[in-house]
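Here's the structure we're looking at; comments come further down.
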Amino acid sequence: MIDRKTGRILRSLSGFYDVQTDDGVVVCRARGALRRNGSSPLTGDMVEITVEKGKGMVEKILPRKNSFIRPAVANIDALVIFAANVNPVTEPFLIDRVAAIAGNQEVPVYLCLNKCDLDPAVDLARIYRNAGFRVIQTSAENGEGVEALREVIRGKLTAFTGNSGVGKSSILNSLCPQLELPVGEVSQKLGRGRHTTRHVELYRLSEDTYVADTPGFSSFDTEQMEIILKENLQYAFPDFAPYLGACQFHDCTHRKEPGCAVTQAVAEGKIEKSRYDSYLRLYEKAAQIKSWEIK
């Protein structure tokens, strides 16, 4: 007898998918037709499955409200980007690229500055608060900011992401000690962390709160992330919003054009220079992509 169910993918690993249904978790494979159609299941997907003789099969991926390549997750309500100003120091461009990718899909972004017992990351906090982001300063070591983060993610399906070694898993353990997630050491010589999280996994912190823990990344991994069309990039920077439409030219790219309201705001300190520098770097990448190349 074939049993049909609907559920959410909690974990995807090596071609197997743990699907949470009303009757419990079912380990599934996916129909080959899904991969051939370019729609491989992602953690967070709502799916229709069949179960026969205890074996599950993902038959259909239900419509997504969003999906991402890095982190490989779907249907999130918010993204929390983890960063630190010590061991390892996070480059603002890493934050800006991930934030722009989320902003392009209208996913709210929060910035969690961890390891504040070692360095409060004052400059990073100032930059991103000025850019309009909600910033939470935390320490997994002494518990600072953990409850504030809990309130931010309450009632949401949130993905945690950030460069390796910034303490995503440590903070998750602080939020939910029974998880007992492995925590890696940061290489003092290289200044970066080891990848303790190898796959994307969804954890239930309370009845209505889920967190997807994702593998850490480095500056090299940004090449694998989504490219935003150059004409859409300006809208992925919320701090640009007050100045869009106020430029001399309606098709202003906010680079070298005269009468640009965005560059004027940068010059006046109303937009942080590091944010604008990230925009220029991303625009250069985006300018190499044609619209037909993006599915």
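Where a number appears in this text, it was derived from the coordinates with a stated rule and is not lab data. Just so we're clear, the structure is a prediction, and the values are computed from it rather than from any experiment. Every residue, glycine as well, gets a Cβ built from its backbone with ideal geometry; the counts of neighbours run over all protein chains shown.
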Exercise for review: Find which of SER206, PRO71, GLN137 sits farthest along the positive direction of the dipole of the chain, computed with +1 on the beta-carbon of Lys and Arg, -1 on that of Asp and Glu, about the Cα centre.
Suggested key: PRO71
Exercise for review: Express the relative contact order of the stretch 1-136 as a whole percentage, based on alpha carbon pairs under 8 Å and six or more residues apart in sequence.
Suggested key: 17
**Study point:** Under 5 Å, built H, 5+ apart or other chain: amide partners of THR214
**Key:** PHE160
Point to revise | Between helix 92-104 and the chain: long-axis angle, C-alpha atoms, 0 to 90°, nearest 10 | key: 70
Exercise for review: In whole Hz, with x marking every Gly and Pro, tabulate ³J(HN,Hα) for the stretch 30-36 from phi via Karplus 6.51 cos²θ - 1.76 cosθ + 1.60, θ = phi - 60°.
Suggested key: 10, 4, x, 4, 5, 5, 5
Exercise for review: Using only Cα atoms, find the angle between the long axis of helix 273-286 and the longest principal axis of the chain, and express it within 0 to 90 degrees, rounded to the nearest 10.
Suggested key: 60
Practice item. Could you bin all the Cα-Cα distances of the stretch 75-185 into 5 Å bins starting at 0 and give me the percent of pairs in each, rounded to whole numbers? Key: 2, 12, 24, 28, 20, 10, 3, 0
Study note, to complete from the structure: Rg (one decimal) and Dmax (whole number) from the Cα set of the stretch 48-120, in Å, equal 17.6, 55
Review point. Using modelled amide H (1.01 Å from N, peptide plane; none on Pro or chain starts), what sits under 5 Å from the amide H of TYR110, excluding residues fewer than 5 places away?
Key: LEU79, VAL80, ILE81
Exercise for review: May I ask for the percentage of alpha-carbon pairs in the stretch 1-76 that lie more than 18 Å from each other?
Suggested key: 31
**Study point:** Isotropically averaged projected area of the chain, using the convex hull of Cα atoms (one quarter of hull area), nm²
**Key:** 16.9
Exercise for review: Using a 10 angstrom cutoff on alpha carbons, build the Gaussian network for the chain and name the most mobile of SER206, SER67, SER14.
Suggested key: SER14
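To the nearest 0.05, how large is the calculated FRET efficiency for GLN105 and ARG4 if R₀ is 30 Å and r is the Cβ-Cβ distance? Before the final figure, lay out each step's value.
Working: r = 30 Å, r/R0 = 1.01.
So the FRET efficiency works out to roughly 0.50.
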Review point. How many percent of Cα pairs in the stretch 1-43 exceed 17 Å?
Key: 33
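When the Cα atoms of the stretch 1-145 are enclosed in a convex hull and the volume is divided per residue, what value in Å³ results? If you can, show how the numbers build up before the last one.
Values: hull volume 20.6 nm³, N = 145.
Cα-based convex hull of the stretch 1-145, divided per residue, equals 142 Å³.
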Exercise for review: Search the structure for amide H atoms under 5 Å from the amide H of THR209, placed 1.01 Å from N in the peptide plane, and list their residues when 5 or more places away or on another chain.
Suggested key: GLY155
Check your understanding: Once phi is turned into θ = phi - 60°, what whole-Hz ³J(HN,Hα) does the Karplus curve with 6.51, -1.76 and 1.60 give for every residue of the stretch 80-87, x standing for Gly and Pro?
Key -> 10, 8, 9, 8, 8, 10, 7, 6
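So if we plug the beta-carbon distance of ALA246 and GLU52 into 1/(1 + (r/R0)^6) with R0 = 51 Å, what FRET efficiency do we get, rounded to 0.05? Spell out each step's value before the answer.
Working: r = 61 Å, r/R0 = 1.20.
For ALA246 and GLU52, the calculated efficiency is 0.25.
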Practice item. Evaluate the charge dipole of the chain about its Cα centre and quote only its size in Debye, nearest 20, assuming +1 on the Cβ of each Lys and Arg and -1 on the Cβ of each Asp and Glu. Key: 840
Review point. Could you give me the ³J(HN,Hα) list for the stretch 115-121, computed from phi with Karplus coefficients 6.51, -1.76, 1.60 and θ = phi - 60°, whole Hz, x at Gly and Pro?
Key: 6, 6, 5, 9, 7, x, 6
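With n ≥ 4 as the cut-off for DSSP H runs, can you work out [θ] at 222 nm for the chain, using -39500 (n - 2.57) per run divided by the number of residues, rounded to the nearest 500?
Numbers: 8 runs with 68 residues, N = 295.
Computed mean residue ellipticity for the chain: -6500 deg cm²/dmol.
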Exercise for review: Mind telling me which of VAL166, VAL262, VAL211 comes out most flexible in a GNM of the chain, alpha-carbon contacts under 10 Å?
Suggested key: VAL262
Review point. Hey, in the GNM for the chain with a 10 angstrom Cα cutoff, which one of ARG281, ARG97, ARG29 fluctuates hardest?
Key: ARG281
